[in-house]
Amino acid sequence: MEQLNLFNHPSQPIFKSQQSRLTMDRETFIAWKSQIQNHQQTILNSPPPQQMSLFDLKPNHCDPEQINPFSLRLQNWEFFTRPDDGDRTCIYFIIDTALPLLLYVGETKQTPKERWTGVHDCRGYIDNYIILNRKHQLKTFPGIGFWWDTPVDRKARQQLEQALIQRWKSPFNKECWKWWGKPFG
């Protein structure tokens with residue numbers, strides 16, 4: 001087994017996963033973000049459909065049509081480096097406030113810090129997204145917002161998460177790669 005040198009960086013990455021996929025040119029990247037933003041702004045600016053009912057039903061507080069991720073108080077997306085300040089269950093949204101652009105929707109039964117301290121693919125996508133924005137000298141301000149009023153039942157919370165992903169078509173969620181591709185994974 002060969003001993004790796006700590007001070008010499010190889011010209012080729014050791015692991016295939018370290019190879020950069022940041023190949024989008026500036027115009028393509030701007031067009032990619034614009035397509036997603038146009039979809040999300042259409043959703044944001046369209047009134048939710050009104051369901052008619054024969055009965056007086058209480059509105060569902062977990063209705064994905066009523067949850068506006070852009071209205072949440074955002075924190076620095078590296079919030080997980082600070083002490084925990086939240087509940088154990090939530091839906092969270094990664095938003096680039098420079099546009100605005102909803103990049104990722106997630107749910108957790110852990111505290112957000114516990115969820116993000118370990119391995120989380122989305123962190124890599126965000127890092128690569130930031131790098132590409134900087135390479136092309138584009139403004140980017142990723143933040144994270146938490147929606148705490150989620151169902152306690154994990155299956156119900158995951159169904160809500162899926163409904164939000166389908167509604168907003170957030171590009172870092174694997175369910176949406178068929179629309180936007182996977183340029184940062």
Rounded to the nearest 0.05, what FRET efficiency is calculated for ASP63 and THR28 with R0 set to 41 Å and r the Cβ-Cβ distance?
0.70
Non-local residues with an amide H under 5 Å from the amide H of LEU101, with H modelled 1.01 Å from N and Pro and chain starts lacking one, are ASP96
Suppose the chain between GLN137 and THR97 were pulled fully straight at 0.36 nm per residue; how much longer would it get relative to their current alpha carbon spacing?
12.8 nm
Determine, for each peptide in 152-158, 35-41, the mean count of other beta carbons within 10 angstrom over its residues, then list the peptides with the highest first.
35-41, 152-158
At R0 = 35 Å the Cβ-Cβ FRET efficiency linking ALA156 and GLN35, nearest 0.05, sits at 0.65
What full-extension length gain, to one decimal in nm, is calculated for PHE70 and ILE43 as 0.36 nm per residue of separation minus the Cα-Cα distance?
8.6 nm
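Since every read-out is calculated from the coordinates, none of them should be taken as a lab result. Since the structure is predicted, the reported quantities are computational estimates derived from the model, not experimental observations. Every residue, glycine among them, receives a Cβ derived from its backbone with ideal geometry; neighbour counts consider all protein chains shown.
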